[in-house]
Amino acid sequence: MINNYSFIFLNRLVVLKNNTSVYDQFFYQGINIIRGDNGTGKSTIMDLIYYGLGAELSEWTAEPLSCDKVFLEVSCNTGIYTLSREIEQTGKSPMLICEGDYLSSTKTETQWLKYINRRSDERHSYSQQLFDMMNLPQHKNNDSANLTMHQILRLMYLDQITAPTKILRYDTNYDNANIRQAIGEYLLGLDDLDIHELRQQLIELERDFAKIDGELKAIYKLLSKGQQDFTADKLHAEILAVESEIYQSLQKKKKLDLKQKKNLMICKKNKLNLY
């Protein structure tokens, strides 16, 4: 993942099952080719890299889901780090980050810092932390304008069965034209999210306008329905008429309740006389 100012290189991928390494592969700067026959696990490796870098992955195959953890040693603008995530069905597990290479990270337990997938007032999300490590700009005070690693990585992921017209990995939560445009402009260095923030604000304002416009149309429809000469005095008169109907209905109810009470008393008296 590279633009003019930021980069992250994958140096090593390690997958653990029952605290034992079941896959350990070094990568090198430049082009790395993962080859093999169909069904040998190429897509599984890509999924593990995709997930280890911070994407949300919920459609696992059986093989990676049977494993416990994935470790990625990466180089970026601010140094070498090791990333770790537990493999969970939800695909939203926290990320542990340790400064240093994978070998040194296995010798310490105190240097690991934990980041959740969504930011809070107390702590960065792992997307924010990774963006800081790559010196990527972000709007830390605006959730709607802030891109995540999951959104960025969707642009980078293309498997062998994806149609050429589908550049982004399909995701129903994020697959819209506005996000696609924001990711492209962001990675090309054309926007530091200021334009994206304005777009998000415009979407919210248009949504609010549509709601108010719908309410006004409903009111206009009600007021204009057979009431072309509708005035405040006429509205007040109708309110008084309705209030009069309500009062009359309450009086009728009171009379019926009183009559029912009298009938009940008569029935009780007649019952006592029988004895």
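I need a count of the residues in the stretch 68-98 that are open to solvent by 30 Å² or more (accessible area, probe 1.4 Å) and either basic (Lys, Arg) or over 18 Å from Ser6 (Cα atoms) (or both).
Looking only at that region, the number is 9.
From the list Ala163, Ala177, Ala237, which residue is modelled with pLDDT of 70 or more and either basic (Lys, Arg) or open to solvent by less than 100 Å² (accessible area, probe 1.4 Å) (or both)?
Ala237
Given the conditions (1) under 27 Å from Ile183 (Cα atoms); (2) surrounded by 13 or more Cβ atoms within 10 Å (Cβ to Cβ); (3) aromatic (Phe, Trp, Tyr), and given that Tyr23 satisfies all but one, which numbered condition is not satisfied?
Unmet for Tyr23, out of (1) under 27 Å from Ile183 (Cα atoms); (2) surrounded by 13 or more Cβ atoms within 10 Å (Cβ to Cβ); (3) aromatic (Phe, Trp, Tyr): (1).
Look at the stretch 1-20 and say how many of its residues are surrounded by 10 or more Cβ atoms within 10 Å (Cβ to Cβ) and under 28 Å from Pro137 (Cα atoms).
Number satisfying all stated conditions: 12.
Among the residues of the stretch 116-138, which ones are under 15 Å from Cys76 (Cβ atoms) and either touching a strand residue (DSSP E or B) at 6+ places or on another chain (Cβ under 9 Å) or small (Gly, Ala, Ser) (or both)?
Scanning the stretch 116-138 gives Tyr126, Ser127, Gln128, Gln129, Leu130, Met133, Met134, Asn135.
Determine whether the stretch 51-67 contains at least one residue that is part of a strand (DSSP E or B), in contact with a strand residue (DSSP E or B) (Cβ under 9 Å, 6 or more places away or on another chain) and open to solvent by less than 40 Å² (accessible area, probe 1.4 Å).
No.
Can you find a residue in the stretch 69-82 that is modelled with pLDDT of 90 or more, under 20 Å from the mean Cα position of the chain (by Cα), within 17 Å of Arg12 (Cα to Cα) and of a type outside the set (Phe, Trp, Tyr)?
Scanning the stretch 69-82 turns up no residue that is modelled with pLDDT of 90 or more, under 20 Å from the mean Cα position of the chain (by Cα), within 17 Å of Arg12 (Cα to Cα) and of a type outside the set (Phe, Trp, Tyr).
From the list Thr40, Thr82, Thr108, which residue is closer than 24 Å to Lys17 by Cβ and assigned to a strand (DSSP E or B)?
Answer to the selection: Thr82.
The values are calculated or read from the model by the stated rules, or taken from the named source; none is laboratory data. Since this is a predicted model, take the numbers as computed values, not measurements. Heads up, the Cβs are rebuilt from the backbone with ideal geometry, glycines too, and the neighbour counts pull from every protein chain shown. What goes into the accessible areas is simple: the full protein's heavy atoms, side chains included, and nothing from ligands, DNA or RNA. Shrake-Rupley method; radii C 1.70, N 1.55, O 1.52, S 1.80 Å.
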